Amino acid sequence: MSVMNEVKFALRDAKKAMKENDFEAVAKHCKTALKYDRKNYNALLLFGRACQELGKLEDSKKALMMATQVDSESPVAWQGLAMLCEKQPNISTLDETITIYIRLTHIIKDDDDKVDNVYRKLAALQLKNDEPLKAAATLKLLTTKLKDHKRVQEVWRSIAQTLSGIKDLPDEHASETRQLVKLVEAARTMAEIFPTYYPLEWICRMYVLMTTNPQEDEEGYPLSSEEARTYITKLLRLNRASPWGNLAQGLVYKGEGLYIEAKAHLRVGAERVGNNLLPWKILLEIQEATNDWPGVEVSCKKSLKIMEADETITIPDDEGFEAYRTKMMLTQAKAYVIMGHKNHLRQAVDILEEHAYTSLDCGLLLVRSRIKLLEFDQTEDELLKLEEAFGEHSQLKLLRGCLLRAQGERQKAMQVLEEFVEEEPKSAEGHLELGCVYFATGELQKAQMSCMRAGKLNPKLGGPFLYLGHFYRRQDNMEKAVKCYEKALSLDPCDDQTGAALSDLYRILGKYEANINLLHRITNEGGRASCCWAWLRLGLHHLALQNYDQAIQAFQCTLKINPDDRGSLCGPQGVQLCFTSQPWSSIVGETLDAVKDYETVLKREPIKPVQVVSLIGLAEALIAAARKHYEQFFHANVKDACLRALVCLIRAASIKPESACIWKLIGDACTLLYPMPTSLSNFSIPAKLIQKDVEDLEEMTEVDKMQILQIGARCYGVALQVTKDDAMLWHDLGVNTYLQGKVLEEGVDGRNDVNTRDLMDRSVMALRKSLSLDPLNGKTWNSLGIVAAHNLVGQYALAQHALIRACEYQPNAVVWTHLGAFYLTHSEHSLAHEAFSQAQALDPSFVTCWVGQALVAEKVGHSEVFDLFRHTTLLGIQVESCVGYSHHVTNLASDSKKNTNQRTQYTIKQSLPAATDASTFYSREKEEDVIGLNMNGLTLEMMGLYQSAAKAYEMAMAAIDPDQPEMQDCLDGVRCNLGRTLTAQGKVEEAMKQFKAIKSPDYFTQCGLALASLKAGQFEDAYNGYTAALHWLAPDDTQKSHILVALASLQYKFQKSDEAKNLLFQGAALAELAPYEHHKDYLHHVAFIKAAEATARGNTKEAKSILSRTIHQHPSSAPLWRSLARHLLTTTTSTSKKISGQCSAAAMCAAAATKLSQAAGEHKTITQDAVTSVMATLGLEVSIQRNSKNKTSLKQAQRAVLMCPGSPEAWAMLVAAQIVAGHGQTDTHLAPLAKILSQKGSPQISSWLQTISTRLA
């Protein structure tokens, strides 16, 4: 069982035990709940009550104090603490008790009895604590909270009694009271002597201050109410804009119940009085009382602006600055929620999110805002948070019912609301919400009863009267309905639903004067951001009176206020309203809404002229929707919309066959189906389009792409019979004919077909005819350029001319892009770049021109190709963009050299999802493109979507013609990719079949087959496959290292751990050397180690190949030439001829090393190279048994000594050369020289020289 359920059941048992007065059980169950949730408010309250009854007063106090910390805004815990302190005075100090009651004064606000009780007890405690002034201040604050005049008088008496007990009143209070009386008397005297503006202004100001802060014994004041009104009237005669005069007059009207006049005067006074919050507070109270929520919003904004400008300003009722500021913000948010416009609700959410959990009221407003915004998931989260913070509050249950009603779950909403009404029978809002649910479910009698109860409980609520109006309208009692609507609008003038219902009913009843007055009043009011319904109805009213200018202005205001709000545009019974709004929907791009509206009209079976217009409008909306769907690559939606349009148009043509518009639209719908891929190229259309004698319009027949285009061409021809001189019809016919040629060209031998060429020529003729009728039409010039540039037409001069003309007559991004594409296909890269740049300047968001720039960059080898293609995918979907971006991403991912870079890996990781989407879009558009399908499979495979990748590979294999020899390599590559993907899915048997079917295997296919065999348990086949790949197909040492690891794992499976170790060591060594094999400082070491390893295995030829191959890659490395020379010298051969060849080659290598060392200035290596060269020459002379007359080796030795005179090795080589040249017995200096050198050389050289010196001596 979950923790929440444990807490819930424990609280349920505790409440049950509380009803039975079993306080021991209550404490036990509460402890269980608190064990799981230490901050559960209800558990703490129940536990505190139980402890109090059981005499555990300290535990009770602790529990209630903790509850106040959990929810400081709920009064229950504070009231419990107050009762505990009252019954047990010893449980807390007097200061603690005063603090508790002060907190209660901030929480309890609505109930006069409770407010009076709390404030009086607080004052009594303050008196008891010897604080009479604070007690008097508390009672004075109570006078502003009470509404009953008698209670206010009683409070003043209490204040007087409290102050009478003080012997010495502080000077500040006494002087203030005396100064106020003197000021009023002086101003009255001055006004009688000098009836000017100044004294009257002060009299009105004092009247405002006295009225808003009533004092005890009103009769004792020097200014009576009648006198004040006289002076107010005099002041306003002198100055109608007087701020304090208007404020005073507003208060007079407020007292008389004339709230509209009161608001007018108070608004003027508040605007003119300056930085003073009191006038705005008075105005705000009246606005809230009259449900003037736009006014409330303005007043709150003004107050907040004043507080922002001056933080030291006086706050009304002595409230704190931040507390009053928060109060204004929350009141503003409340106004936003009640007004209910989308923008208002967003602003309310922004405000309430900051204060959502400071009080329950804020949280409730936030939930209401989200319900109205239809943010149901966020609403659920907010409700859960509020339940955790404030417990199971009844208002939360009410909002739960509202949420269910908004989600359409009416039965659940009804159940929740019925439970709420049982718990809170006096909640007007609960009865109203329940009535709304009853009304939605058709239970009208129950809805009427619930709304009547709501209106009785809260007569100021407008919602009950609105739904009562709906009820009486359903009952055809229009008079009662009008009265209910008028009552609802008077109570809630901001409710748009009420205003719209009343306006519609006025129109139905013929009360045009009342309707126009209502609409003018609504549209003239400020702050009405959601009155587009009023503007629309006003526009229709003017339209009916043929006042077209006023109607256009009203409709423009409707669309300007809220072009997206369709809910108020069309009533359920208003056919005229529907029919009128449809063209506007199409104009602003709301094609789906237009489709719904036209279908609504057609369901009502209007007269034939209206039916024809509706069918044409529906078809136009569907064709517009099809174009939108094509831009998003939703081909199935394009097909569905076009076929639906054809059904509508054939119905319209059967009614009015002479209409050229209908036949033109049929042609458009047919032409739009050209881009459909092969899988969607079978179309079910009305048979009437093919066979004229068919009478059943609902009979359908199947056609292919070529047939549907031919039908479109015939329909354009029918339209041209009606309007022969329509240039755009000739243009559409030419484009359709060109597309027919494209379809034929895509077939077998289509490029050489005579019919294809004929269609292309006819297309050019039709476009020329269109230009003869409208020579300035840039669209037709553009189409002619495209057709003329086709290979089968080949009129390239005409194409260039036409495209340039199109750029002149209609300079937009499309035609400039087509001109750029023309230049690009003819390798004019500079001109193409300029044309694409012009297109980019005209429309930077047009994706095709960016694709053109990317293709130009690709042609010239620019480094920004990848970035350009990436930008095209961000702009939108385009075929070349998709394939180009996918191509570059897969190339980058397969480049092993670049792939090692961490930044490149990050780029690949970020680009793969977009590349996958792009290749998927491309493969949908080009279902027979093998390369595109294979690329789609690769991107899906890199994303780990193996099943989808396998489908893509299978589609690619199906698209390949196996009879074409040039496609064999492509087929092998796809098979390899498919086998690899099947292996990843565990389908090893199928993978092996694919690998074995490859006719030209390579390293990767062989490894794939070996891996599949390994996963299938065929270890021997796997081992053989890896061995073959290692010896014959591995391209580099890195791959060899990988294969060695695989072979080691297989050896380990065969229980051959020693062999596995050897293979792993080899693989590890190769892997470690791989990063350095091309490093200039280490490459000769790597080559030497590899050659040494091959020599150790007895494979000297491989060692020689390794060194030779490395020298071929890096010919400027002297150590490589030296290593090759030494290898040739140390390698033994069987014949003297081979020995001679090796020595000659070694000599040449050593000479090359010497030259490179000299050029690099490496003196140490020069010695080594020179010695090696002498050794090679000596070996060559010995091998061919030359006579002493050949002194090549001697010359080489002498040169070595000259270059390196301090090298014992060079001198040793000189001795050896002289011996070979026959000077060993004749030159007497050789023996002493050898003896001297034997003391300086290395051990090997010393030993050899000692032997020579001994022999020569």
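The values are calculated or read from the model by the stated rules, or taken from the named source; none is laboratory data. All figures in this text were calculated on a predicted structure; none of them were measured in a lab. Note: ideal-geometry Cβ built from the backbone for every residue, glycine included; neighbour counts use all protein chains shown.
Brief remarks on what is shown
- For residue 669: the one exception among (1) hydrophobic (A, V, I, L, M, F, W, C); (2) more than 30 Å from residue 929 (Cα to Cα); (3) under 35 Å from the mean Cα position of the chain (by Cα): (2)
Yes or no, residue by residue, for (1) modelled with pLDDT of 90 or more; (2) surrounded by 18 or more Cβ atoms within 10 Å (Cβ to Cβ); (3) aliphatic (A, V, I, L, M):
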{"position": "776", "(1), (2), (3)": "no, no, yes"}
{"position": "783", "(1), (2), (3)": "yes, yes, no"}
{"position": "786", "(1), (2), (3)": "yes, yes, yes"}
{"position": "798", "(1), (2), (3)": "yes, no, yes"}
{"position": "801", "(1), (2), (3)": "yes, no, no"}
{"position": "804", "(1), (2), (3)": "yes, no, yes"}
{"position": "808", "(1), (2), (3)": "no, no, no"}
{"position": "812", "(1), (2), (3)": "no, no, no"}
{"position": "815", "(1), (2), (3)": "yes, yes, yes"}
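- Test: residue in region 415-436 that is out of contact with any helix residue (DSSP H, G or I) (no Cβ under 9 Å at 6 or more places or on another chain), assigned to a helix (DSSP H, G or I) and modelled with pLDDT under 85: no
- Qualifying residues in region 660-697 (those that are in contact (Cβ under 8 Å) with a residue 60 or more places away in the chain and under 10 Å from residue 708 (Cβ atoms)) - the one surrounded by the fewest Cβ atoms within 10 Å (Cβ to Cβ): 674
- Scanning region 644-683 for residues being modelled with pLDDT of 90 or more and among the hydroxyl-bearing types (Ser, Thr, Tyr) gives a total of 2.
- Positions within region 827-875 being closer than 20 Å to residue 890 by Cα, among the small types (Gly, Ala, Ser) and more than 30 Å from the chain's Cα centre (by Cα), in sequence order: 857, 861, 863
- In a residue-by-residue description of region 993-1005, the property of being touching a residue at least 24 places away in the same chain (Cβ under 8 Å), among the small types (Gly, Ala, Ser) and in a helix (DSSP H, G or I) applies to no position.
Matching residues to (1) touching a Pro at 6+ places or on another chain (Cβ under 6 Å); (2) at pLDDT below 85; (3) buried (at least 21 other Cβ atoms within 10 Å of the Cβ); (4) of a type outside the set (A, V, I, L, M, F, W, C):
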| site | (1), (2), (3), (4) |
| --- | --- |
| 869 | no, no, yes, no |
| 882 | no, no, yes, no |
| 889 | no, no, yes, no |
| 894 | no, yes, no, yes |
| 902 | no, yes, no, yes |
| 910 | no, no, no, yes |
| 918 | no, no, yes, no |
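- Criterion applied to 382, 388, 392, 375 was being free of Cβ contacts under 8 Å to residues at least 12 places away in the same chain, closer than 21 Å to residue 8 by Cβ and not polar (S, T, N, Q), and the one residue passing it is 388.
- When each of 839, 797 is tested for being part of a helix (DSSP H, G or I), without any contact (Cβ under 8 Å) to a residue 12 or more places away in the chain and at negative phi, the lone residue that passes is 797.
- Screening region 645-695 for residues that are in a loop (DSSP other than H, G, I, E, B) and touching a strand residue (DSSP E or B) at 6+ places or on another chain (Cβ under 9 Å) and picking the one that is farthest from residue 878 (Cα to Cα) gives 694.
- Helices (runs of 4 or more DSSP H) wholly inside region 890-946 containing at least 2 residues that are in contact with a Ser or Thr (Cβ under 6 Å, 6 or more places away or on another chain): 902-925, 930-942
Okay, residues lined up against (1) surrounded by 15 or more Cβ atoms within 10 Å (Cβ to Cβ); (2) at pLDDT 75 or above:
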site	(1), (2)
1076	no, no
1082	no, no
1090	yes, no
1096	no, no
1101	no, yes
1105	no, yes
1113	no, yes
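- Residue that is farthest from the chain's Cα centre (by Cα) [pool: residues in region 374-393 that are hydrophobic (A, V, I, L, M, F, W, C) and crowded, with 17+ Cβ neighbours inside 10 Å]: 390
- Per the conditions (1) part of a helix (DSSP H, G or I); (2) surrounded by fewer than 19 Cβ atoms within 10 Å (Cβ to Cβ); (3) at pLDDT below 85, the sole criterion not satisfied by residue 951 is (3).
- In region 975-987, the condition of being more than 21 Å from residue 1047 (Cβ to Cβ), of a type in the set (Val, Ile, Thr) and in contact with a Ser or Thr (Cβ under 7 Å, 6 or more places away or on another chain) is met by no residue.
Quick grid of which residues meet (1) buried (at least 22 other Cβ atoms within 10 Å of the Cβ); (2) at pLDDT below 85; (3) closer than 27 Å to residue 409 by Cα:
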site	(1), (2), (3)
448	no, no, yes
453	no, no, yes
480	no, no, no
486	no, no, no
500	no, no, yes
510	no, yes, no
514	no, no, no
524	no, yes, no
